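The structure appears below as structure tokens.
The values are calculated or read from the model by the stated rules, or taken from the named source; none is laboratory data. Note that the coordinates shown come from a computational prediction; the quantities given were computed from them, not determined experimentally. A quick note on method: Cβ atoms are made from the backbone with ideal geometry, for glycine too, and the neighbour counts reach across all protein chains shown. With ligands, DNA and RNA removed, areas are computed over all heavy atoms of the protein, side chains included. Shrake-Rupley method; radii C 1.70, N 1.55, O 1.52, S 1.80 Å.
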Amino acid sequence: MNFRNALLATTMLLLPFGAAQAQQVNGVYIGAGAGLNWLQDANINATGSLADELRARGNATGGDVSFDMGWVGVVSLGYGFGNGLRAEIEGSYRENKVDTIGGFGGAGGISAGGTARSYGVMANALYDFDIGANFGGVSFLPYVGVGAGYIWREFDGVRANILGGSVSSDGTDGRFAYQAIVGAAMPLTQWAPGLALTAEYRFLGTMEHDISTQSGGGSFNVARTGTKSENYNHSIMLGLRYAFGQTTPAPVVAPAPAPMPAAAPAPARTYLVFFDFDRADLTDRARQIIGEAATNATGQGVTRIEVAGHADRAGSPQYNQRLSERRAGAVASELERRGIQRNNISVQAFGESRPLVPTADGVREPQNRRVEIVLR
């Protein structure tokens, strides 16, 4: 499985999700993820009489260890400040089997084996970009991050058999580590408020490790030293994140006016239908409110129904005007489906010009994302 195919598989897994709007994290959250990692080549060096024999034959005394694709797992505990910034502590584990060992100046007959592992703790700072991103109907919240911490690198039986002897590395060495993170979160609020699916790419690097190495065996004397090796790793992961205390605002209906005396004209009745951010589709609650309005309009002999669409101030005025038109049209269509004649419905759209709750430009306000139904 190459990197391109892995990304394609990740995208296909995400497509069923994202019906709800992604929200920035506000408060404590936990997360976990797993996936694939690519470990770049490491170094291994012969010493002692085996190194002397390699030099005598005109061969180099060092080789390169290449690794198979491995797996990675991460768990994290963090806090979101509600403005896009997040801070977290994570623990991680990566494992890769040795694929081949080459080098040593072209010496033939080299066989290889062993396992490399990396594990440790990182502190990360991340930022969520609340840009209303939407791809193919999937809402998501992209983010980037950087981290620093401490990673232990372990060589377990990493071995090259050469010239009747061997070069083997077994040991663990911890060093300062750093990483970069690029990812996106997709909401799963249909399962639980605050739950999100995450997809990430991570680059992890550490300072040069010093791993215990032994050379010898066969006709060669045993010599011990340390092999210095860098540690660079690329990972892609899928995971779940749960933010505690997150809620989804529910639409509310304005209270009906007090009844008037029988001789006076019947008062206008207003119903409010609320929408999710950047959406014009009707929720189950919205359909229930529209059904109540249609029933009352039929039973009370209403002669005119006014439908007015509105939007909050997150986005340009032109976009919000079109969004309010789509919302008003969705409500009018639902009224017509419930038996109201279209010529009895007056449809208007005001964009962001008539907020129910005044806000500054660019601010999301759930109560301003509405359609007002007025029975006359």
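Numerical summary
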item: Extension reserve of the Arg337-Arg304 stretch, reckoned as 0.36 nm per residue once the Cα distance is removed; result: 10.2 nm
item: Over the chain: helical MRE at 222 nm, DSSP H runs n ≥ 4 each giving -39500 (n - 2.57), nearest 500; result: -5000 deg cm²/dmol
item: Beta bridge orientation in the range 134-198: antiparallel %, DSSP, nearest 5; result: 100
item: Rounded Å value of the spacing that divides the Cα centres of the range 303-335 and the range 62-101; result: 46
item: Peptides 292-302, 364-374 ordered by average Cβ neighbours within 10 Å, highest first; result: 364-374, 292-302
item: Considering only the chain, percent of DSSP beta bridges that pair antiparallel, nearest 5; result: 95
item: Candidates Val273, Val363, Val307: whichever shows maximal mean-square fluctuation once the chain is modelled as a Gaussian network with Cα springs under 10 Å; result: Val363
item: Average Cα contact separation per residue, the chain, under 8 Å, 6 or more apart, as relative contact order %; result: 15
item: Förster-model FRET efficiency, 30 Å R0, Met69 and Ser316, C-beta, rounded to 0.05; result: 0.10
item: Spin-label pair Thr115/Lys97, simplified geometry with 7 Å Cα→Cβ offset, distance in nm; result: 1.0
item: Matching label, Rg and Dmax of the Cα atoms in Å computed from the structure shown, candidates (i) 20.4, 73; (ii) 31.6, 116; (iii) 19.3, 65; result: (ii)
item: Signed unit charges on C-beta, dipole axis of the chain, positive-most listed residue Gly291, Pro193, Gln24; result: Gly291
item: Under 13 Å, Cβ to Cβ, from Asn368 - net charge with Lys/Arg +1 and Asp/Glu -1; result: -1
item: Test item: Cα-centred dipole of the range 278-364, Lys/Arg +1 and Asp/Glu -1 on Cβ, debye; result: 120
item: Simple spin-label estimate for Trp152 and Gln288 in nanometres, 7 Å along Cα-Cβ; result: 5.5
item: Accessible surface ranking that places the most exposed of Arg326, Arg57, Arg175 first, with a 1.4 angstrom probe; result: Arg57, Arg326, Arg175
item: FRET efficiency for Ile30 and Phe129, using Cβ-Cβ distance with R0 set to 35 Å, rounded to 0.05; result: 0.95
item: Sites Gln367 and Asn344, calculated FRET efficiency, Cβ-Cβ separation with R0 30 Å, nearest 0.05; result: 0.65
item: Fluctuation leader among Thr47, Thr227, Thr303 - the chain, Gaussian network, Cα springs under 10 angstrom; result: Thr303
item: Cβ crowding within 10 Å averaged over residues, with 201-208, 165-172, 333-340 ranked highest first; result: 165-172, 201-208, 333-340
